[in-house]
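Colleague: To start, I am sharing the structure in question, which I have written as C-alpha cells.
The values are calculated or read from the model by the stated rules, or taken from the named source; none is laboratory data. Values in this document were obtained by computation on a predicted structure and should not be read as measured data. Note: ideal-geometry Cβ built from the backbone for every residue, glycine included; neighbour counts use all protein chains shown. All accessible areas refer to the heavy atoms of the entire protein, side chains included, with ligands and DNA or RNA removed. Shrake-Rupley method; radii C 1.70, N 1.55, O 1.52, S 1.80 Å.
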Amino acid sequence: MELSHFEESGRAVMVDVTEKKDTERQAEATGKILVNRQVFDAIKAGTVGKGDVLAVAQTAGIMGAKRTFELIPMCHILPITGCRIHFDMDEEECAVRCTCTVKVTGKTGVEMEALTGVSTALLTIYDMCKALDKSMEITEVYLVHKTGGKSGEIRNEKHRAAQQAEQTGKRLKTWD
C-alpha cells in the first residue's frame, strides 16, 4: 500500500478527494489517563476545584474533534454529523478511560477526529487536575473501530483482547 500524502518528489500534500463518493463513515477511538487516588476520588465526587472535570473534558473532546483540521496539517475540513464522548472510571486502576465516536457523511474518514477528541478530553482532565497530581499518565490512545470508505470496516484486535479481559473481571462506572 502506498502512502497518499506525498507527491512524487516526497513533499507532503493534502490528498485530493474530489472524485470520491460521499459515504457514511464512523470512527471510534479510546485512551485512558492514570491518576492518583486523590484525583480519582475528586473526579468521582465532583470536588475538583476547577469544576466538573468530566463535563468540561466532554465538551473539550467534542471541540477537539471538530477542530482536528486546524491541528493536523493534511486533514480535510469535515462536516461532522455526530460526536460522542464517553468516560469509564476504573476504581482498581485509578484510571479514567475515554471513548470518542465521530460520524460523518463525506469523502474521507473521521479516524483523526476520533483520536483528537480522545486526546483533547484526556489532556483536559490532566489540565484540570494537575494541581493535585503531576504524575498523571495519558496512555493507550488508539483507533478501536472504523466504518465506511474504500477500506470498509476495520476493528483493532488489540481492543478486542482488552474488552474480553474487562468482561471477565471488573465492572466499570460509566459517565456520559
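Quick grid of which residues meet (1) closer than 28 Å to E24 by Cα; (2) at pLDDT 95 or above; (3) not hydrophobic (A, V, I, L, M, F, W, C):
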position: G49; (1), (2), (3): no, no, yes
position: A60; (1), (2), (3): yes, yes, no
position: K66; (1), (2), (3): yes, yes, yes
position: D90; (1), (2), (3): no, yes, yes
position: R97; (1), (2), (3): yes, yes, yes
position: C100; (1), (2), (3): yes, yes, no
position: E111; (1), (2), (3): yes, yes, yes
position: L115; (1), (2), (3): yes, yes, no
position: M128; (1), (2), (3): no, yes, no
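Colleague: OK, next. Identify the residue in region 127-159 that is among the hydroxyl-bearing types (S, T, Y) and open to solvent by 70 Å² or more (accessible area, probe 1.4 Å) and, among all such residues, is farthest from R97 (Cα to Cα). Quick ask: steps written out before the conclusion?
Modeller: Kept after step one, since they are among the hydroxyl-bearing types (S, T, Y), are these residues of region 127-159: 135, 139, 142, 147, 151.
Checking the rest, the ones that are also open to solvent by 70 Å² or more (accessible area, probe 1.4 Å) come to 135, 151.
On the way: S135: 17, S151: 27 Å.
Step by step, filter region 127-159, then rank; the result is S151.
Colleague: Please identify the pairs in which a residue from region 5-30 that is over 22 Å from P79 (Cα atoms) has its Cβ atom under 7 Å from the Cβ atom of a residue that is modelled with pLDDT of 85 or more and part of a loop (DSSP other than H, G, I, E, B), counting only partners at least 6 apart or on another chain.
Modeller: Taking only residues 6 or more apart or on different chains, the pairs are A12/M74.
Colleague: Could you count how many residues in region 69-116 are part of a helix (DSSP H, G or I) and among the hydroxyl-bearing types (S, T, Y)? Give the derivation first.
Modeller: Our first condition is that a residue be part of a helix (DSSP H, G or I); within region 69-116, this holds for 69-71, 111-116.
So of that shortlist, the ones also among the hydroxyl-bearing types (S, T, Y) come out as 116.
Of the residues in region 69-116, 1 are part of a helix (DSSP H, G or I) and among the hydroxyl-bearing types (S, T, Y).
Colleague: For residues that are among the basic types (K, R) and under 16 Å from the mean Cα position of the chain (by Cα), scanning just region 37-69, find the one that is surrounded by the fewest Cβ atoms within 10 Å (Cβ to Cβ). If you could, list the steps in order and put the result at the bottom.
Modeller: Initially, region 37-69 is screened for residues among the basic types (K, R), giving 37, 44, 50, 66-67.
The next check asks that each one be under 16 Å from the mean Cα position of the chain (by Cα); those that pass are 66-67.
Details: K66: 19, R67: 16.
Out of the qualifying residues, it is R67.
Colleague: Look through I77, I85, I72 and report the one residue that is under 15 Å from the mean Cα position of the chain (by Cα) and open to solvent by 50 Å² or more (accessible area, probe 1.4 Å).
Modeller: None of the other options fit; the residue is I72.
Colleague: A further question on this structure: Within the group S135, S119, S151, which residue is at pLDDT below 95 and either assigned to a helix (DSSP H, G or I) or out of contact with any helix residue (DSSP H, G or I) (no Cβ under 8 Å at 6 or more places or on another chain) (or both)?
Modeller: Working: S135 fails: at pLDDT below 95; S119 fails: at pLDDT below 95.
Residue meeting the stated conditions: S151.
Colleague: With the requirement that a residue be among the aliphatic types (A, V, I, L, M) and touching a strand residue (DSSP E or B) at 6+ places or on another chain (Cβ under 8 Å), what does region 5-39 give you?
Modeller: Looking only at region 5-39, we keep the residues that are among the aliphatic types (A, V, I, L, M), and these are 12-15, 17, 27, 29, 33-35, 39.
Of everything in region 5-39, those that are among the aliphatic types (A, V, I, L, M) and touching a strand residue (DSSP E or B) at 6+ places or on another chain (Cβ under 8 Å) turn out to be A12, V13, A27, A29, I33, L34, V35.
Colleague: Okay, next question. Given the condition open to solvent by less than 40 Å² (accessible area, probe 1.4 Å) and without any contact (Cβ under 8 Å) to a residue 40 or more places away in the chain, answer yes or no: does some residue in region 109-119 qualify?
Modeller: no
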